[in-house]
1. Picking from 112, 148, which residue would you name as being surrounded by fewer than 20 Cβ atoms within 10 Å (Cβ to Cβ) and free of Cβ contacts under 8 Å to residues at least 12 places away in the same chain?
2. For the structure I just gave you, tell me whether residue 179 is modelled with pLDDT of 90 or more and either open to solvent by 30 Å² or more (accessible area, probe 1.4 Å) or among the acidic types (Asp, Glu) (or both).
3. Could we say that residue 195 is surrounded by fewer than 17 Cβ atoms within 10 Å (Cβ to Cβ) and free of Cβ contacts under 8 Å to residues at least 40 places away in the same chain here?
4. Looking only at residues that are part of a helix (DSSP H, G or I), modelled with pLDDT of 85 or more and of a type outside the set (Val, Ile, Thr) in the stretch 328-358, which one is farthest from residue 249 (Cα to Cα)?
5. Name the residue, out of 142, 185, that is more than 18 Å from residue 41 (Cβ to Cβ) and open to solvent by less than 10 Å² (accessible area, probe 1.4 Å).
6. What's the total number of residues in the stretch 376-391 that are in a helix (DSSP H, G or I) and either surrounded by fewer than 16 Cβ atoms within 10 Å (Cβ to Cβ) or at pLDDT below 90 (or both)?
7. Given the options 325, 372, name the one that is within 28 Å of residue 58 (Cβ to Cβ), open to solvent by 50 Å² or more (accessible area, probe 1.4 Å) and in a helix (DSSP H, G or I).
8. Going by what's in this entry, would residue 241 be described as polar (S, T, N, Q), within 26 Å of residue 379 (Cβ to Cβ) and surrounded by 23 or more Cβ atoms within 10 Å (Cβ to Cβ)?
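The values are calculated or read from the model by the stated rules, or taken from the named source; none is laboratory data. Computed from a predicted structure; not experimentally measured. Reconstructed Cβ throughout: ideal geometry from the backbone, glycine too, with neighbour counts over all protein chains shown. Each accessible area value is taken on the protein alone, full model and side chains, heavy atoms only, with ligands, DNA and RNA left out. Shrake-Rupley method; radii C 1.70, N 1.55, O 1.52, S 1.80 Å.
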Amino acid sequence: MPLLNKVRTAASGGSGGDTATRSLSRLRVALTLFFALDGFLFAGWVVRIPAVKQQTGASAGDLGLALLGVSAGAVITMTLTGRLCRRYGSHAVTVATAVLLSLSVALPALTRSPLALGLVLLVFGAAYGGINVAMNSAAVDLVTALRRPVMPSFHAAFSLGGMIGAGLGGLLAGGLSPTAHLLGLTGVGLVLTALAGPVLLRHPSPTPPESLAPAARTSDGPSRAGTRRVVLVFGVIALCTAYGEGALADWGALHLEQDLGARPGVAAAGYSVFALTMTVGRLTGTALLERLGQTRTLVAGGATAAAGMLLGALAPTVWATLLGFAVTGLGLANIFPVAVARAGAVAGPGGVATASTLGYGGMLLGPPSIGFLADWFSLPLALTTVAVLAAGAAAMGYWARNAGSERAS
C-alpha cells in the first residue's frame, strides 16, 4: 500500500517522510472536522427537544420511549459498523454515516406524534452510532501511525462542536422554528462533509509499521478470560460517564426550563456550559494525565462529576444548576478517553472497540432511562443517577488501577 510505505519511510527518516507527514496531517484535520460535526449536529438536535416535545404532545414517558429509538438504532448499527469498516474501510463508512446523520437530523422537527418521532429517531440513532464507531476506528489507526497521544484532541473537537451547536441553538431557540433550525443543520452538515470527505476517501486508513503493532501476549500474561473481564470493567466505566453526557444533553435544557422556569435561551445554555468545560478539560487532558497519572485522573474526575451533578440536579436556582453542569463537564472530560485507552492497553484494538461501543451505548441509553425515572419520580431525582454512576466509575477505576497501563497510578 503506498500510504503504508510512506509511513514506514517516515518512521525510518527516509525521503518520503515529509510527504507522509503532510498526508497524515491532512487526515488528522479532516477527521477532527468530522468529530466536531458529530458534536455540532447532536447538540443542535438536543437543544430543540423541548420544542419538539411540545409540538408532538409527548409526556415525559412518551419522550423517553421516543428517545429509545435513538438507542435502538445506534445499538443495531454499532454491531454492524465494525464489519462495514473491515470491508469498506473506516474512512468510507465515516463519510457515508456523516451524510446520513446530516439528513436525518432534520426529521424530528417534521413529526407531529410521539410514534413518528420515535421512528425518525431510529434513523438518526443509526447514523449517530455508525459515525461514532467509524470515527473512533479511524482515529485509533491514525494515533498509532502518528505515534503521538492525540486521541483527546478528537474528543475535544466533539465537545467543541457540541458547545457551538448548543450555543447557536440557544440563540436561535427564541426566534427560529425547530424545522428551520434543523434543516439549517442539515445544510451545514452536508457542506462540511463535502469539504472534509474527499480527504478521507482519497487515503486509506494508515497501517502502522509492524514494530508499532500491539505485542502478542505471552503465556505469563493475563488469561483471555481475565483480559476480557478487565476490558469489560473499563467499558462499564466508559458507559457510566457517557450516560451522564447523554442525560445532560437530552434532559439538561428541559430541567432548567421545566423545573426552574428558565427562558428557552438560558435553558439551552445548560448543555453549552457543560460542553465548554468538557472541551477545556479534554484540551488540558494530556497535561493532567502526565501530572496525576491515569488512575488518579479517573478517580478525581468521577468524584468531581458526582459532586457537580448533585448540585446540578438538586440546586433550587438556575445559576447554581449551571455551575453544577459546568463542574460535571470538568469531571467527566477525560474519563471516557482514559477508559478506552486502558482497554486498548490490555487487549489492543479489540479492547478499544468493546469499550467504545459500551461507552456510546451508555450515552444513548441514559436519556430514555432518565425519562422513565422522571415519570415515576421527578426529573431532578432522575438526574441524580448521573452522580451515582460517576461515583461508581471512580470506584471501578481505583479497583482496576493495576490493569492495562504502564503508568496507572
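1. 148
2. Yes, satisfied.
3. No: the conditions fail for residue 195.
4. Within the stretch 328-358, the match that is farthest from residue 249 (Cα to Cα) is 339.
5. Answer to the check: 142.
6. The total comes to 3.
7. 372
8. So residue 241 fits the description; yes.
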